[in-house]
Every structure is written in structure tokens, then in C-alpha cells.
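Worksheet: the structure to be examined is printed underneath.
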Amino acid sequence: MTSIQAFRLFSIAGAFLVGFWLPIRLIGFMPPAIMEFSFDLLISATSAVNIYLHFYDRGDSPREWRNWLRLGPILDLICLMPLAFIAFLILGPDFHFLLVLNLPTVRHVRQIRPFLDYFDSLQPIVYRLVPLVVTLPLLVHLIACGWIALGSGSAETDSDPLLTYVKAVYWTFTTLTTVGYGDIVARSIPQMLYACVVQVIGVGVFGYILSNVAGLLARSDAAREHHMDNLDKVETFMKLHQTPADLRAKIRAYYHYIWTNKKGYQDRALLESLPGHIQSELYLHINRSIIEKVPFLRGAEQDLLAELMNELKTRVCVPDERIFKVGDPGDALYFIHSGDVRIVGRGGEQIAYLSEGAFFGEMALISDRPRTANAMASGYCDLYVLSKESFSKVATAHPTFLDHVQEVMNERRSA
Ligand code: CMP
């Protein structure tokens, strides 16, 4: 953990403690002097850290006096003063309301977000829930203490302070989430006004919580949602165009295959927004399985692999799909990642049966002539496609690649 992270953690802990301590203190709890001054010290220390974080986050220089003329540092400077000490030793015990000036320290609980930003492997759900879990109890506590300060409505102040507090928390929850159950009601005008304000806050706070929870549930299985959404659109499309039943079955089977093998995502579209060099690294990583499957790529130089992986695109073929036919222009070279491909001659005779790790389509590409045979997917096939342009690019930069492809082509021709 870096020192800045440690400061942020200190600031969050300080805000949390002050947020619980101050309201209790302000509604009349009289602590022993040692406790009072310890908290005073804690608030001052937290404020010093908060001032430091303020300048650090904004990138401002604290040497420039103008940078201090902002609300943030001014509030923190006020909290930096030993207010409890001033109130009790200099002004007298009647001035304990001065402590309210320390309340702005609580706002630094928001440091939780930059603190979480540091952990790059956090699940989005944690990132959203933790700030809520931290701030909600603080808010409830603050409102409950405010309610006690106003006399606790019809519940009135009990001789047991714990019971008074629990009743106030109960009132806060029912008022924040609904309009209350009516068992504890506001009696005086200030209490009624306070209840109105809390209800309005409740609309915002619980609206925020509900929308977050709903969002989290919807996103908990985003891949499936995305797939279902695609299926819905395809079904509507097929109905609209009165697609024959056997074609519908094929389309559904295709989507099922994409879902079970790729969780509904076709790699490229998702990654295209990344900067070039990160894309290359990522493609090298996600396409490493094709490197392991194609024998001649296993020992190939890193440069060649990086360039090749960058250029390869994926294609899924359904059973009996014709990948190309005799006479088509040679527009790409294909690597078989999974599945089998049949090479069929003009008269329908099978010339070859190629499996995982093999490549095909090189003859038309190298000789610049039309395809010499048909290529058919035997079952579902995952192919990696290298376009003609990409092939020329890679072949020019890496003659060993071209040599190998030519070697295989010559073997096939003489077979
Ligand atoms: P191309 O001519 O571009 O298209 C048909 C492809 O079938 C051809 O390239 C080769 O990749 C492949 N092919 C042709 N003959 C054979 C063979 N005997 N064994 C394996 N593959 C072949």
C-alpha cells in the first residue's frame, strides 16, 4: 500500500469515527475529558491529512496562497483547530455547540472511491456496494441523532439511552424507506419539518440504492443478458421474414454454439477500442491456443507471432457450410482452431480432410489464381482467417513464414 493510500484510509477511518462520535456528543453525551480531547486530536490529525490530500488530488501547490481560498481547505482548517479544547478550557462548557464545526470532516468518507480505484482487480459490484455500505450507516446515525435532539417525537426520550437510540434508528429507517409506520410520529413543528426533510432525503437515498441493486442484478450475468437480447432480436427478425423452420433451427443452433463456446461474444468487436499495442499483446494472449495447435507456429519467432496474431480474425462455420468454392478468388488463408474441414474437388470427390491446427487456402493466395477446390465445414468449426493483404504483409516481413507455407503447398501438390 502506498503512503497516499494509507492517508486515504486514515481519512476514511477518521471521517467514520467522527461521523459516529460527534452527533452523539452533540446531543448531550458527556464523555470523560480524556476521551473528549483524544477525539479532538483525532479530528485535527484527520483534517491535516485531508488538507494534504486536497492539494495532492488537485495537483495544486500549498505554497500558493490563492489555493487555500477554496471551501475544502477552509473547512478543513476550521476542523484542524482544537475546538473541544477551545470550547471547554477557554470559552466554558456552554460552548460545546462549537463542536458542530467539526462535522465537515465527515464528508471525507467519499475518499472511499479514490481508495478503491487503487485496487484494479476489484469486481464492479464491490466498487458500487462498498461506498454505499460505508455511508448508509453514517447517514442513518446522523439522522437518528438529529431526531433525538428534537425530542424523539411520540417515542419521547427513554431513561435507557440505548433504547432511545434504537427507537430513533428504527424511526429513521421507516421514514427513509417509506413514510413510516405511524407508531412513532412527529409532534412538534420542528419534528414535523425534520420528518419531511428526512422523507425527501429517503426518496433520493433509497432511489439510489434501489437503482444500484437493480443495476447490479441486471449486470450480474451481463453475458447471458447480451446473448438473450441477441436471440430476441433474431427471433423477431425470423418471424418478420417468415423464415423456414429448418433455417430457423440452424440459426438457433449457431447462436447456441456461439453461446456455449464464446459466451456470446465475438472477440474483435469488443477489443477494437483498445490502443494498438495493448491490442497486440492481448491478441497474442487470447490467440495463444492457435499457436499451440499449429505445429510450425510453436517454434516461430516472437515478432512473427505478434504480427500474425494482430492480423488474424475469427470465423465460426456451421455444419456443411461452404467456406469457399472452386473458382473463388484467393482472398484469405485459414487456420483451423477447432473442428474439421473437407477439401472437395470439382467433381465432388474428397481430396483431403483437415483437422485442428491445419491451414488451407494457400494455393490461390500464393499463385494468385482462383481456388482449386471447395472447402466445407464438416461440423461446427472455429477458424482463424488471415486476409490476403495481411498475408502479404506478414510474408514480406517474415520470409520464413512464406517458405513454410510454400513448402506445405508443394507437398500437397505433389501428393
Ligand atoms: P486453394 O487452392 O486456395 O483452395 C483450395 C485449398 O484446398 C487449397 O488452396 C489447399 O489449401 C487445399 N488443398 C488442395 N489440395 C490439397 C491436398 N491434397 N491436401 C490438403 N489440402 C489441399
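Of the residues in region 30-49, how many are surrounded by 14 or more Cβ atoms within 10 Å (Cβ to Cβ) and in a loop (DSSP other than H, G, I, E, B)? Total meeting the criteria: 1. Conditions: (1) surrounded by fewer than 20 Cβ atoms within 10 Å (Cβ to Cβ); (2) closer than 30 Å to Asp158 by Cβ. Tyr52 meets all but one. Number of the miss? All conditions are met except number (2).
Determine, yes or no, whether Ile343 is free of Cβ contacts under 8 Å to residues at least 40 places away in the same chain and within 13 Å of the ligand (Cβ to nearest atom). In short, yes. The set of residues from region 393-403 being among the hydrophobic types (A, V, I, L, M, F, W, C) and loosely packed, with under 15 Cβ neighbours inside 10 Å comprises just one member, Ala397.
Of everything listed in (1) under 29 Å from Val133 (Cβ atoms); (2) crowded, with 16+ Cβ neighbours inside 10 Å, the single unmet condition for Val100 is (2).
Among the residues of region 383-392, is any surrounded by fewer than 20 Cβ atoms within 10 Å (Cβ to Cβ), of a type outside the set (Ser, Thr, Tyr), within 14 Å of the ligand (Cβ to nearest atom) and not in a loop (DSSP other than H, G, I, E, B)? Before you say what the answer is, go through the steps one by one.
Let us first name the residues in region 383-392 that are surrounded by fewer than 20 Cβ atoms within 10 Å (Cβ to Cβ), namely 385, 387-390, 392.
Narrowing the set further to residues that are of a type outside the set (Ser, Thr, Tyr) leaves 385, 388-389.
Subsequent filtering for residues that are within 14 Å of the ligand (Cβ to nearest atom) retains 385, 388.
From what's left, not in a loop (DSSP other than H, G, I, E, B): 385, 388.
Scanning region 383-392 turns up at least one residue that is surrounded by fewer than 20 Cβ atoms within 10 Å (Cβ to Cβ), of a type outside the set (Ser, Thr, Tyr), within 14 Å of the ligand (Cβ to nearest atom) and not in a loop (DSSP other than H, G, I, E, B).
Within region 325-340, the residues that satisfy the criterion of being in a loop (DSSP other than H, G, I, E, B), more than 7 Å from the ligand (Cβ to nearest atom) and closer than 23 Å to Lys313 by Cβ are Lys325, Asp328, Pro329, Asp331, Gly339, Asp340.
Of all residues in region 346-369, those satisfying the criterion of being surrounded by fewer than 20 Cβ atoms within 10 Å (Cβ to Cβ), in a loop (DSSP other than H, G, I, E, B) and near the ligand (Cβ under 8 Å from one of its atoms) are Ala358, Arg369.
Would you be able to tell me the number of residues in region 227-247 that are surrounded by 15 or more Cβ atoms within 10 Å (Cβ to Cβ) and without any contact (Cβ under 8 Å) to a residue 12 or more places away in the chain? Outline the logic, then answer.
Of all residues in region 227-247, those surrounded by 15 or more Cβ atoms within 10 Å (Cβ to Cβ) come to 227, 231, 234-235, 238, 243.
In the following step, the residues that additionally are without any contact (Cβ under 8 Å) to a residue 12 or more places away in the chain were identified as 235, 243.
Residues meeting the conditions: 2.
Read-outs throughout are calculated quantities, based only on the coordinates presented, and are distinct from any laboratory measurement. Owing to the predicted nature of the structure, the values given are computational and were not obtained by experimental measurement. Here Cβ is always computed from backbone atoms with ideal geometry, including for glycine, and neighbour counts include all displayed protein chains.
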